[in-house]
Amino acid sequence: MTRIRGLGQRIRGERGSITPLAIIYAVIALAAALLLFAAADLYLERKQLLTHADAAALAAANSFEFSEIESADGTPNIQLDHENAVAAAEEYLATHAAGEAMLTHVTVDGDSVTIYVEGQWQSQVGGVFLPVSVPLGVEVSARALFQ
């Protein structure tokens, strides 16, 4: 009987020990949820930067004038102007990206244009767990078509 009484006292002595474990698990779950939220936010920010860059590349590819189109063998030949392409891409980004994206490099090769756009992701949750900001960069190409 004394053995059973000793076991009962030992069990009663460990009462409430689940509370610290529950707090630790809740903190871990909250940190994981914040990390997941930050990763999703980073992904969406990159997709938005890619969308802006794609539209800016299309604006640059469509920056030609009809008077500049040459015809060889009945087929229209478009030669893009580098300055016009840069101006069109910068104008689009200034109008629609609202300072989120910066045009850093433009390459024009005949009727195609390749642009590189950089942006910065700002962490919404910030704090001790995550870095404050992450640089982002995307490269897209577009081609001028005359149909």
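Any read-out appearing in this document is the output of simple, stated calculations on the displayed coordinates, not a laboratory observation. For clarity, every value in this text was computed on a predicted model and none was experimentally measured. Here the Cβ positions follow ideal geometry from the backbone for every residue, glycine too, while neighbour counts run over all protein chains shown.
Computed quantities for the displayed model
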read-out: FRET efficiency estimate (nearest 0.05) - Cβ-Cβ, residue 146 to residue 94, R0 30 angstrom; value: 0.65
read-out: Cβ-based net charge around residue 55, under 14 Å, with every Lys or Arg adding one and every Asp or Glu removing one; value: -3
read-out: Inter-site label distance for residue 81 and residue 21 at 7 Å from Cα along Cβ, in nm; value: 7.4
